[in-house]
Amino acid sequence: MTEPIPVPAQAEALVQATDVTVRFGDVLALDRFSTSVPPGITGLLGPNGAGKSTFIKAVLGLVVPESGTIRVDGVDPQREMTKVRDRVGYMPEHDCLITSMDPVLMVSYMGQLSGMTRKDSIQRTHEVLDFVALGEERYRPIASYSTGMRQKVKLAQAIVHDPSILFLDEPTNGLDPQGRDEMLALIEKIGASGKTILVSSHILHEIERVSQQVIIIDRGRLVKQGSTRALMSSGEGRFRLKLRGNKQAIEAFTAGIRPAFEVVSTSDESGQMSMLVAGKGDSAAIFSQAGRAGVQLRYFGPDTLTLEDVFVQVLDGGEGRGH
Amino acid sequence: MRAVGINRIEYRPWKGRRTDPNRRLLVISENVLRRNLASKGVLLVLIVGLILVHIFSIIGAVFFPHEALTNADMIGGQAPTVEPINATRNVTGPLGVDPALLVNGSFTVVGDVSVEGTLTLTGALAGNGSMVFARTLFQMGNVTTQGYLSLEGTLTIDGTIFGKGTISGTGHMNGTGMVSGNVTGGGTTTSGPTFVGGGYLTSGLLVIFTMLLAAVVCSDIIADDMADSSFVLYFSRPVRTIDYFVGKFTGAALVMGLFCVLPPMVYALVMLGTQTGSDYGGGLVILGKTILAGVFTAVFFLPFGLMVSSLTDRKAYAGVGIFMSLFVLTIISGIFSRGSREWLLVDPFNMVSYAYRLLFGGSLPSGLHASHLAVAISLVIVVPLIAAYFWIGRKGAGK
């Protein structure tokens with residue numbers, strides 16, 4: 001059995017879980033899961049059945065952990081459920097809206113359940129419906145809504161009481177590309193207000209776009225956590241180059257950098273050579289060698305991966321597995 | 001693309017103060033009340049029920065002179081009296097006019113009882129000893145005699161006897177029910193409060209419409225949340241299962257109260273306001289009892305309704321299920337009470353009716369005990385409540 005992945009200490013994290021185990025009968029949904037969710041937008045990634053929704057429910061106090069501790073802004077959700085839930089907004093993955101109501105009625109009802117007065121909730125409801133760009137159709141029963149409009153109402157009900165922590169479970173589910181774009185823009189705007197937002201999604205490039213942090217979970221265990229940028233960088237000493245020059249010059253350049261760098265791959269793209277190199281040499285050596293060899297160095301930068309690459313690597317690499 | 005007519009705004013924080021978490025269940029109650037008062041089905045049952053059950057009675061209270069508000073106004077019957085029957089008595093007025101003809105308890109006749117003419121009995125008829133019917137047509141429940149009825153032993157009447165002939169006997173007449181006709185005897189008649197459905201609360205229509213209203217109100221109260229999977233929206237907020245449950249129950253009870261509590265209260269107040277006598281103290285006590293009876297009626301059917309509603313996500317199934325389930329209990333009671341009178345307590349109609357009797361100072365039909373009634377009522381209320389509560393708790397932590 002592998003040791004749990006160390007979770008970086010984050011004093012400002014509003015959500016902290018330590019060795020949380022949740023079991024449904026014989027199924028181990030969370031297995032000594034530890035993480036901390038810092039302010040900003042954090043992506044929660046994992047395959048189906050990895051334990052993402054279970055973690056969110058455990059934080060909300062909807063499921064009781066067998067062991068371990070969860071703190072939301074220092075408060076135990078099992079003991080002080082009302083305190084926690086007043087600070088949390090939740091956008092569930094599945095259909096959950098009260099379809100016989102119109103959004104104004106439903107969102108303001110949810111606002112009142114979260115402690116707003118009737119007057120405040122109605123005013124705030126119109127504000128958040130404006131924010132999610134739901135127009136005059138807000139007076140139509142939700143039953144008549146498209147998936148995209150329903151997703152907007154789900155987001156509106158999650159933010160109506162201005163929670164400091166927001167859980168968004170597959171917020172772009174069922175949306176067309178334009179709808180996804182709009183939803184991600186809304187999430188980015190909410191994130192800009194300094195809230196702690198945990199976005200669970202299967203669509204990795206969306207997470208890549210909006211999240212500053214990423215938590216990868218598999219089979220109930222944390223397998224990777226860190227800043228999105230750090231995870232996507234393939235590691236120190238890997239650089240991508242784009243060169244233009246004749247064959248001899250490029251061969252001379254390659255030979256010149258070899259003592260310090262290993263050429264991992266090359267490809268010829270319409271007369272332009274792309275090259276991936278790895279090594280601990282100084283970047284200045286590359287520039288000077290390019291000058292000496294007479295090639296144009298048209299691009300030089302650290303090699304980066306997509307979040308999907310990271311995800312596949314992490315899961316295929318078996319990190320966090322073995323239990 | 002922007003929605004027409006909407007100027008998108010940036011996210012703005014909310015700076016208001018939150019209400020007490022313990023009062024959130026009232027938000028649920030208010031929502032249930034508002035939704036039901038906007039529901040065509042509920043409004044239809046409410047309006048028709050108000051007209052048929054309450055409005056006519058209230059108008060009657062205004063126009064028919066009365067000395068005071070009495071128990072009999074609410075549930076029919078009169079105070080117990082004991083008097084000898086030495087001669088034939090003849091009833092020519094409305095039922096219940098002659099106390100001698102109102103019998104409560106066991107009706108014992110030593111000698112003959114005969115009916116010349118027609119005897120109609122609504123309710124159960126039981127006799128110990130020999131019963132001789134000559135030229136009679138006998139039915140369980142309703143008995144109609146063409147001719148005369150002779151009886152030796154005990155006759156227990158739990159219903160109403162409309163006699164157009166003569167009942168004659170020597171001994172004591174103790175019965176629950178009402179006799180209208182000629183009674184001849186050599187003993188005494190003990191006539192207690194008789195509860196024959198003639199009172200405002202015991203007309204039968206009140207319970208039927210209450211049941212109907214409960215079915216309509218409860219049909220979507222939980223079923224809709226199940227169909228929409230919206231439990232999660234409640235339980236991701238500071239709402240516990242008990243808050244959700246109590247909130248829904250209270251909201252439904254408020255709707256029921258509009259039919260079961262308010263109109264009887266108005267009726268009692270109108271009776272008090274238009275009485276010719278000066279005894280207002282007794283009337284106020286009856287007003288209090290009326291409110292209690294109304295509250296009991298309002299909440300009696302709800303646990304059952306909530307339970308059925310929590311078992312299905314189709315509100316039509318829930319509505320029909322609630323109404324039919326209660327009727328099935330009535331049918332079961334009707335079948336098995338022929339063997340054992342305790343089965344009468346399975347019938348929700350009887351439970352309500354008998355509870356009224358006890359509340360307004362009357363007695364139960366012979367063979368039934370108040371403790372058994374209490375157990376039956378508790379079962380009808382508590383068991384469905386517990387079942388619905390735990391079912392909702394399981395659903396709440398669902399998807």
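Every number in this text was worked out from the coordinates using simple rules, so none of it is lab data. Keep in mind the model is a prediction, meaning the values are calculated, not measured. Neighbour counts run over all protein chains shown; Cβ positions are idealised from the backbone, glycine included.
See the values below:
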| quantity | calculated |
| --- | --- |
| For B:38-45, mean number of other protein chain Cβ atoms within 10 Å | 0 |
| Neighbouring partner chain Cβ atoms per residue of A:90-98, average, 10 Å criterion | 5 |
| Net charge of Cβ neighbours under 10 Å - reference A:Lys242; Lys, Arg +1; Asp, Glu -1 | +2 |
| Peptide ranges A:149-159, A:36-46 listed from the most packed, as the mean C-beta count within 10 angstrom indicates | A:149-159, A:36-46 |
| Amide H contacts of A:Asn173 (H built 1.01 Å from N, under 5 Å, at least 5 apart or other chain) | none |
| For chain A, calculated [θ]222 nm from helices alone, where every DSSP H run of n ≥ 4 adds -39500 (n - 2.57) | -10500 deg cm²/dmol |
| Summed side-chain charge close to A:Arg124 - residues other than A:Arg124 whose Cβ falls under 15 Å, Lys, Arg +1, Asp, Glu -1 | +2 |
| Residue-wise HN-Hα coupling along the range A:186-195, computed from phi with Karplus coefficients 6.51, -1.76, 1.60 (Hz; x: Gly, Pro) | 5, 5, 4, 5, 5, x, 5, 7, x, 7 |
| Simple label model, 7 Å out from Cα along Cβ direction - B:Phe390 to A:Arg292, nm | 8.3 nm |
| Peptide-level mean, for A:54-67, of C-beta atoms on other protein chains within 10 Å | 2 |
| Cα long-axis angle, helix A:283-293 against chain A (0 to 90 degrees, to the nearest 10) | 40 degrees |
